[in-house]
1. Mind listing whichever residues of segment 29-52 are closer than 21 Å to residue 99 by Cα and surrounded by 10 or more Cβ atoms within 10 Å (Cβ to Cβ)?
2. I'm trying to understand the selection: among the residues of segment 71-112, which are surrounded by 13 or more Cβ atoms within 10 Å (Cβ to Cβ) and more than 20 Å from residue 49 (Cα to Cα)?
3. Any residue in segment 64-89 that is within 18 Å of residue 35 (Cα to Cα) sitting within a Cβ distance under 9 Å of a residue that is of a type in the set (Lys, Arg) and part of a loop (DSSP other than H, G, I, E, B)? List the pairs, counting only those 6 or more apart or interchain.
4. Identify the residue in segment 81-112 that is of a type in the set (Gly, Ala, Ser) and farther than 14 Å from residue 61 by Cα and, among all such residues, is farthest from the chain's Cα centre (by Cα).
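Rule-based calculations on the coordinates, nothing more; no lab input. Quick caveat: nothing in here was measured; it's all calculated off a predicted structure. Note: ideal-geometry Cβ built from the backbone for every residue, glycine included; neighbour counts use all protein chains shown.
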Amino acid sequence: MRSVAMLLVMICGFVAVTHSVPRQNPNAQADRCGEFRQALDDYLQIKAGMTRREVQKQFKEDGGIQVRGQTRYVYKKCAYVQVEITFKLAEPGKPVESSPDDIVTKVSKPYLAYTTMD
């Protein structure tokens, strides 16, 4: 009798716990992961030898102080996804502005961070 009572208590506890957890849309996680998958796919398209112009199709320069030879980019669809890109300057004598013809030499791993405000 005591084991039956213990079994009933365990079953009631299990039912209470399973019914208290809010049910989520099973596609919600897949949707969120899909957005990150797209960001990762777009990031993986950045290769050494590409031009800055090609990078800027999916990414834009972050705010704040930037250096022409190494620029922090944010993903256009979600600015929290960021990457540092090193360039070989197409016009090294040009004093300030970067050139769309600068060549990618190195790409960091993507990371999540707040954007920099100007």
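1. Pass one, segment 29-52, residues closer than 21 Å to residue 99 by Cα: 43, 45-52.
Matches in segment 29-52: 43, 45, 46, 47, 48, 50, 51, 52.
2. 76, 78, 79, 81 - these are the residues of segment 71-112 that are surrounded by 13 or more Cβ atoms within 10 Å (Cβ to Cβ) and more than 20 Å from residue 49 (Cα to Cα).
3. 76/57; 83/109
4. Checking each candidate, the answer is 93.
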